[in-house]
Amino acid sequence: MNGFYWEVLFVDQNNSMLVDRTNRFRVATTDPETGRVYLSNRLRGDFLMTVFLHELGHCALYSFGLLDEIHSMVYPRYWIKMEEFICNFLADFGFRIFKTAYATLGYDAWKKIPKEFERLMA
């Protein structure tokens, strides 16, 4: 993603890599230092997709240097909350946004959106 390589790993639900920066166990975490996304191996179905999209949001924020933008717009005590809000928004509404684009643009969306993703991820 934007020249950054991210490795996705499924780990046991008790793996210490699922402890986030607030010291809480989560079902997934993203570590920009190692370039890894850790997902609990207990995740399934729609919830797995939602969690994975959320973690991809963290990857995008880091890969495109957007954390600095967040930090310039909100007080430091809100940095984590805003990052989580953005990733939740992507996970909860991103699919619906693209589905609407496909419904509106039809075949053109199928041609353009995947190519744009490919360009951004290369």
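Quick rundown of the values:
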quantity	calculated
Output for the range 79-116, where each listed residue is modelled with pLDDT of 90 or more and among the basic types (Lys, Arg)	Lys81
Wholly within the range 2-54, strands (runs of 3 or more DSSP E) carrying at least 1 residues that are at pLDDT 95 or above and more than 16 Å from the chain's Cα centre (by Cα)	7-11
Test: residue in the range 70-77 that is outside any helix (DSSP H, G or I) and either of a type in the set (Asp, Glu) or farther than 14 Å from Asp31 by Cα (or both)	yes
Scan of the range 45-78 for residues that are β-branched (Val, Ile, Thr), out of contact with any strand residue (DSSP E or B) (no Cβ under 8 Å at 6 or more places or on another chain) and under 21 Å from Phe95 (Cα atoms), ordered by number	Thr50
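The values are calculated or read from the model by the stated rules, or taken from the named source; none is laboratory data. Here the structure is a predicted model, which means the values were calculated and not measured. All Cβ positions, glycine included, derive from the backbone under ideal geometry; neighbour counts span all protein chains shown.
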